1. Note the angle between two axes, namely the Cα long axis of helix C:133-149 and the longest principal axis of the Cα atoms of chain C, as a number of degrees from 0 to 90, rounded to the nearest 10.
2. Once you have a ≥ b ≥ c as the square roots of the Cα gyration tensor eigenvalues for the protein assembly as shown, tell me rounded if a/c is under 1.5, and otherwise prolate or oblate according to whether a/b is larger than b/c.
3. Can you give me the % of accessible surface on chain C that is carbon or sulfur? Probe 1.4 Å, all protein chains present, nothing else counted.
4. So if a site counts as exposed when it's one of the GluC sites (Glu not before Pro), its DSSP state isn't H, G, I, E or B, and it has at most 14 other Cβ atoms within 10 Å, what's the longest stretch of chain B without one?
5. At what distance in nm do the modelled label points of residue B:89 and residue B:173 sit from each other, each positioned 7 Å from its Cα along Cα→Cβ?
6. Before I look further, what does the protein assembly as shown give for accessible area per residue, probe 1.4 Å, in whole square angstrom?
7. Please list, by residue number, every one of the chymotrypsin sites (Phe, Trp or Tyr not before Pro) in the stretch C:241-277 that is coil in DSSP and has at most 13 other beta-carbon atoms within 10 Å.
8. Out of the stretch C:118-210, which chymotrypsin sites (Phe, Trp or Tyr not before Pro) are coil in DSSP terms and have no more than 12 other C-beta atoms within 10 Å?
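The values are calculated or read from the model by the stated rules, or taken from the named source; none is laboratory data. This is a predicted model, so every value here is computed, not measured. Quick reminder, even Gly has a Cβ in these numbers, built from the backbone with ideal geometry, and neighbours come from all protein chains shown. Please note that ligands, DNA and RNA were not included when accessible areas were found on the heavy atoms of the full protein model with its side chains. Shrake-Rupley method; radii C 1.70, N 1.55, O 1.52, S 1.80 Å.
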Amino acid sequence: MLTHIRQTSIGTGYDLSNSVFSPDGRNFQVEYAVKAVENGGTAIGIRCKDGVVLALEKLVTSKLLKKDANKRIATVDRNVGVVYSGLLPDGRHFVSRARDEASSWRSSYKAPIPGSSLANRMGAYVQAYTLYNSVRPFGITGIIGGWDAETELAVDGSVGSGPKVGAGGKKQGVKEGGPFLYMIEPSGLYWGYYGAATGKGRQTAKAELEKLKLDPKNGECISLEEGVKEAARIIYLAHEDSKDKEFELEMTWVSAVGGPTKGRHEEVPKALREEAERLAKKALEGEDEEEEKMEE
Amino acid sequence: MFRNNYDNDSVTFSPQGRIFQVEYAQEAVKQGSVVVGIVSKSHAILAALKRNAEELSSYQRKIIPVDTHYGVALAGLASDARVLSNFMKQQSLASRLTYDRPILLSEITSRIGDRAQTNTQHYGRRPYGVGLLIAGVDARGPHLFEFQPSGVTLECVAGAIGARSQMARTYLERNLDAFEDCSRDELIKHALRALKDSLSQDKELTVDNTSVGIGGLEENFKLYEGQEIASWLETTFENKAEGEAGGGEGMEVDS
Amino acid sequence: MNHLPQAWGRPRDDVYGAYNPHYLPHSHGGHQAGHPNQHTQSPIVTGTSVLAVKYNSGVVIAADNLASYGSLARFTDVHRLKVFNKKAVVGFGGDVSDMQYLDRLLLSLHVEENYAGSGDVDDKESDVALMSAKNLHTYLSKVMYKRRSEFNPLWNALLVAGLTESNEPFLASADLLGTTFSAPTLATGFGAHLAQPILRRVVPDEEASKALTREKAVEAVKECMKVLFYRDARSMNEYSIAIVDKESGVDLKLDEKLEGQSWAFADRIRGYGTQTA
């Protein structure tokens, strides 16, 4: 892949400025931005039946860093989280914009921003950074995950409830909302996902995600707690390629309003995370043993 | 010869996804004199080596107290640090004025991080050419943060930036486990020793070229310089002083 | 003669002279040169008193559930106590739409407070850096003062009840003029005249509030809510009451009813209604 890019981009002059097409219709600066993502720690998101898990392989670059401090999965609105891989300051810019979008949506509509709208707006924002030679594209791929509330939201707090039924009343028993997961690339392109992965170990992670039962249309879909354990296992597995480096596992989750996080985006509780890590390590050992057996 | 075309501005990625202008800005940090920071359970400490342009000139300022609860130490372009520290002062005052609470160190650090990031994504600007160590105490206890020109910010137990700072980091890594339970005096000693390790052979720490900044659970952040640090230097490097001070003692008797 | 549609049904300029819009608001062609811009001159839908008392380990705050349109009891399920977090509750008197604006402001502030990681704590609400009632009161009083300085006040009287950073009981008020005040007992609106004297009898000073139990504080507040219902024609007998306690956090009840009313005193009142003597 790299040699391919070398042959067609370097030295042509078409890769020196953002917003410029090469004769074969490519924007090389965007492709180079993708390179910045590909070296970052693996980040994944899993959309489960009753919530979403975000997980991150946080490579420890120095012994002097404070343990479990430098948190990188950010809360955007109460019910939305963002994890990213690539240039960390660009990721923070992305998060800051997402927060502004969520907050301005609230001030316009008195309601939290739906996941699809947030992804759409962030896609448009990131895309705008591929349009002008006065800026550079984002050097990150961002994963947005959250839960659109399935319950009715109070307008202006709890001031008056309005008619319960009838004209101006509510349709009873109607439920909307649910888990959402989107991944936005440096080009501004985004898709909705059942399982998303980016960063260095994305190939391994994607292969693992594809094995999970995540499509609700196929009948069964894993639960949030299973999702947490799978996420930990996948991050540990994806780390195998850069085994010489230490890392910390950072995980957050969002459940339904009736679930463990009450519809909020929160850090996975320490006890649950450690249990997931224990299982992940065990699963890895099991795999090693199998490999050894095969070799024998 | 292959000329690097990708390093002219901060809005161009190299084919490897690097931004050379930002990396060059990091080099400017390495040109600055070394600063060290450490935190314990109760204190956050900064120590810095000051340079003077010539024998008769004054020494540069390396540690800037920002609010009563924290301060920063800089390595790199001092004027960039002044811009950033003024911004930090404004933000810190705003927090006290609007909420009557000292700003969290994590918050102020991420605000300058975000500001620095903007300079790396827009044409016509340059990245800040300065690295900072931000140390002090907030509602969540003592903290130390490192800020880099790229906009990267990291919370550390200990850290060192600037010229030859790798030596200081080696010292810090070796003594890492001891810091948490250190007393104020022990922490100062560690900071000074780490600082000393980054000095070139012909140089010494003196009351003129050393600054120390201390914040604690029970004390406001304060900058110590000149004679205020004399006793710390003496007790930290006493072994060495004994070896060399034979003549010195004699003079003391005379006076 | 002007036959254009905008002139239809209007007095003819050639007969009555040009229409004088000076009394209309700025947006409708009013505001003659030399006259000032005007913002809100009076509240519209209003809530009445808010009461609060500090006791040894927390604060009790209460307000009834009525929103009046002038003297009409227009909305009877309006909750005027807003829980910010487990350290702070705000009670609103005055204009209800301004209360709703402030409530949205508080919501966005709460979302922002939630951004920053809570360090090593799993539960963000148990974070040591959680915004305290004192921080919130400072913020709200700045908002109120800024608006009055723009001659566009938020027509409210607020009580902020809760805990300080060091978990001491905290109670303070802010109003549409940007004035702030703090005391062991506070009441806004009519309550400042009717309830405050009663509350001060129970809690004359800080010392007394440090000795006051939660039960006694709740009792005093409930008694005052009753007195206010007797005498304040803009009040009702359903109310909200919240207790912020340093041990047990916030306990909010939204639909309480006044108990043990006795209207015997009304018999002695002369000068109103149908009596003749």
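1. Helix C:133-149 sits at roughly 20 degrees to that axis.
2. Values: a/c = 1.78, a/b = 1.42, b/c = 1.25.
Cα axes put the protein assembly as shown in the prolate bin.
3. Numbers: 7740 of 14500 Å².
Carbon and sulfur together cover 53 percent of it.
4. Working: sites that count: B:54, B:55, B:204, B:218.
Excluding the exposed sites themselves, the longest stretch runs over B:56-203.
5. 3.7
6. Numbers: 40240 Å² over 828 residues.
With all protein chains present, the protein assembly as shown gives 49 Å² per residue.
7. Working: sites: C:263, C:265, C:272; in loops: C:263, C:272.
Here the chymotrypsin sites (Phe, Trp or Tyr not before Pro) that fit, given the DSSP loop and packing criteria, are C:263, C:272.
8. On the way: sites: C:139, C:145, C:151, C:155, C:170, C:181, C:190; in loops: C:151, C:155, C:190.
Hits after loop and neighbour filter: C:151.
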